[in-house]
Amino acid sequence: MKFVHFNFIKCITGAMLCASIGLTTNSHALAPVNTDPTTPPDLGLPAAPTLSVSRSSISLSLSMKDSSNEEDGYFIQMRNSSNQWVTVRSSGPLHSYQSISDTRWGLKPDTRYCFRGAAFNAMGNSYSKIKCAYTYDGNENSVWRVQLAVETGAGVHSGTNDQVWVRMNSSSVNEYPHGNLTVVDYPFSDFSRVTTHTVDLNLTGLSQMSDINTLSLYKQGTDDWCIKSVKLLVNGIEVFVKDYSSASSDCQIMPSLFPGFDMLSFDRSTLRTANAWHSYDEDIALSLLGTFGIRNTELVSRLSGMIGHKMYFNELSWRDGYYDTPISITPVCNSANQCDRLNVDLNLLADVSILDLGNLHPNVDINFDLLVECGTNELIISTENFSVSADSVLAQEILSLSLVNYVDGQVESAIRDAWDAISQSVPGIPQCEVQVTQDGDVYLLLAE
């Protein structure tokens, strides 16, 4: 069996679709058939391969890894506009450390394409999971902040304190992009009647603005939440709005999927056809960032959103703010009133069961410093000086390690997630300077 390794570019004339292929193959790379009557009785189907996808605005790159010791070969298929699977790449058997790569060029921007891979032998084919991916839209609009503003109607029972969460792309790991989710858990976060509540959303799964493929609000509970308007803001600029004020009740009751679970969703085409979406200008967003910096109120909102989301998956909750402010951010300054960092103070409650004492709800105070500084073409957000205390000795003995891990890992990673994209927003800027004011605001002085 002779293996040959080569690379070539293949273009289909007229179709303007090119494939860049790197492969290891042999003469056995044939279409999968099972016509051999002498197939050993103990031969089974080969294990299915794993397929991954990476994206650009005009291409999708595929990589398929070997997963079997019984294959005669592999192939990759692409679903066409007629919903049929067409083979775009084939190969003979691979060693365990080998993979097949293939790049689909000439694709339409901001368009969804689906692929699957398969291993085959005389017994048949074993398919990978179908992977579907959107190409980027080509605008390369970075995302460093996303907000959702919901106005609730005036009816007596229009508001809600039920659990609310928001998605902006798929929940499936087989879709690209995927993974964006925000559990809305702000201090005093009830969506009360006749109010507009604006929340910061997580940036996980959003590398560019075109990664926002849906705006879906979910609610679990029995309240009839009546929504007057919904607005989506990217980097401080409104990109989508839905107004229900002309309805007979001046608002739209959130549609029910099934008892106790409601959903209001706007799909990708609805977002893309909005005039505000098309008129978004990143230069204006950058100008706003440079002019207004990151105000203390924004820092509080963004940390509230991120930490509230993380607490949903832990035994922590916001402390009643009647006696304590749930979250405060203050500057750390020297005797000359020069400030170089911010101190974050979180006042939380823990829900923990300790031996025979039942459920305890000790107060938990978390403090850490937030450092903001400029590197080479990037804005660096870091945290240090964590401290955790609880008002019960027993509780502290049990909680301290997990809370420190929670703060050090979850909170810091959330902070980094929220501001990683800012570094992408200043390409070509040789340097910048961060100024922390005595009001706890952060200004970015961008070099010309």
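The values are calculated or read from the model by the stated rules, or taken from the named source; none is laboratory data. Since the structure is predicted, the reported quantities are computational estimates derived from the model, not experimental observations. Backbone-built Cβ (ideal geometry, glycine too); neighbour counts: all protein chains shown.
For (1) surrounded by 15 or more Cβ atoms within 10 Å (Cβ to Cβ); (2) at pLDDT below 90, each residue gets a yes or a no:
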site	(1), (2)
Asp36	no, yes
Thr50	yes, no
Ser61	yes, no
Ser68	yes, yes
Gly73	yes, no
Ser82	no, no
Leu94	yes, yes
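Restricting to segment 127-139, count the residues that are under 30 Å from Lys65 (Cα atoms) and part of a loop (DSSP other than H, G, I, E, B).
Of the residues in segment 127-139, 7 are under 30 Å from Lys65 (Cα atoms) and part of a loop (DSSP other than H, G, I, E, B).
Quick one: which of Ser229, Ser249 is in contact with a Cys (Cβ under 9 Å, 6 or more places away or on another chain), at pLDDT 95 or above and either outside the structural domain of Asn347 (by TED's automatic domain parsing) or within 14 Å of Ala149 (Cα to Cα) (or both)?
On inspection, the qualifying residue turns out to be Ser229.
So, in segment 304-340, how many residues would count as being under 21 Å from Ser142 (Cβ atoms) and modelled with pLDDT under 85?
The number of residues fulfilling the criteria is 1.
Specify the residue that is farthest from Tyr134 (Cα to Cα); the eligible residues are those in segment 96-122 that are outside any strand (DSSP E or B) and of a type in the set (Gly, Ala, Ser).
The selected residue is Ala122.
Would you check which residues across segment 141-165 are over 23 Å from Cys251 (Cβ atoms) and in a loop (DSSP other than H, G, I, E, B) and list them?
Hits for segment 141-165 are Asn141, Ser142, Val143, Trp144, Arg145.
Within segment 243-263, is there a residue that is in contact with a strand residue (DSSP E or B) (Cβ under 8 Å, 6 or more places away or on another chain), free of Cβ contacts under 8 Å to residues at least 12 places away in the same chain and in a strand (DSSP E or B)?
yes
Select from segment 264-302 the residues that are in contact (Cβ under 8 Å) with a residue 60 or more places away in the chain and assigned to a loop (DSSP other than H, G, I, E, B) and list them in ascending order.
Once the filter is applied, which keeps residues that are in contact (Cβ under 8 Å) with a residue 60 or more places away in the chain and assigned to a loop (DSSP other than H, G, I, E, B), segment 264-302 yields Tyr280, Gly293, Arg295.
Pairs please, first residue from segment 147-170 and within 17 Å of Lys228 (Cβ to Cβ), second anywhere and of a type in the set (Lys, Arg) and assigned to a loop (DSSP other than H, G, I, E, B), Cβ atoms under 9 Å, 6+ apart in sequence or on different chains.
Thr152/Arg193; Gly153/Arg193; Ala154/Arg193; Gly155/Arg193; Val156/Arg193; His157/Arg193; Ser158/Arg193; Gly159/Arg193
Which members of segment 427-448 meet the condition of being at pLDDT 80 or above, over 27 Å from the mean Cα position of the chain (by Cα) and in a loop (DSSP other than H, G, I, E, B)?
Across segment 427-448, the qualifying residues are Thr437, Gln438, Asp439, Gly440.
Kindly provide the set of residues from segment 166-225 that are modelled with pLDDT of 95 or more, in a strand (DSSP E or B) and of a type in the set (D, E, K, R), ordered by number.
Arg167, Glu175, Lys219
Within segment 288-309, can one find any residue that is of a type outside the set (D, E, K, R), exposed (fewer than 15 other Cβ atoms within 10 Å of the Cβ), touching a Leu at 6+ places or on another chain (Cβ under 9 Å) and not assigned by TED's automatic domain parsing to the domain that holds Asp365?
Among the residues of segment 288-309, not one is of a type outside the set (D, E, K, R), exposed (fewer than 15 other Cβ atoms within 10 Å of the Cβ), touching a Leu at 6+ places or on another chain (Cβ under 9 Å) and not assigned by TED's automatic domain parsing to the domain that holds Asp365, which makes the answer no.
When you go through (1) in the same structural domain as Glu373 (by TED's automatic domain parsing); (2) of a type in the set (D, E, K, R); (3) crowded, with 17+ Cβ neighbours inside 10 Å one by one for Asp345, which number turns out not to apply?
(3)
Of Lys231, Lys242, which residue is within 25 Å of Tyr186 (Cα to Cα), basic (Lys, Arg) and more than 22 Å from the chain's Cα centre (by Cα)?
Among Lys231, Lys242, only Lys242 is within 25 Å of Tyr186 (Cα to Cα), basic (Lys, Arg) and more than 22 Å from the chain's Cα centre (by Cα).
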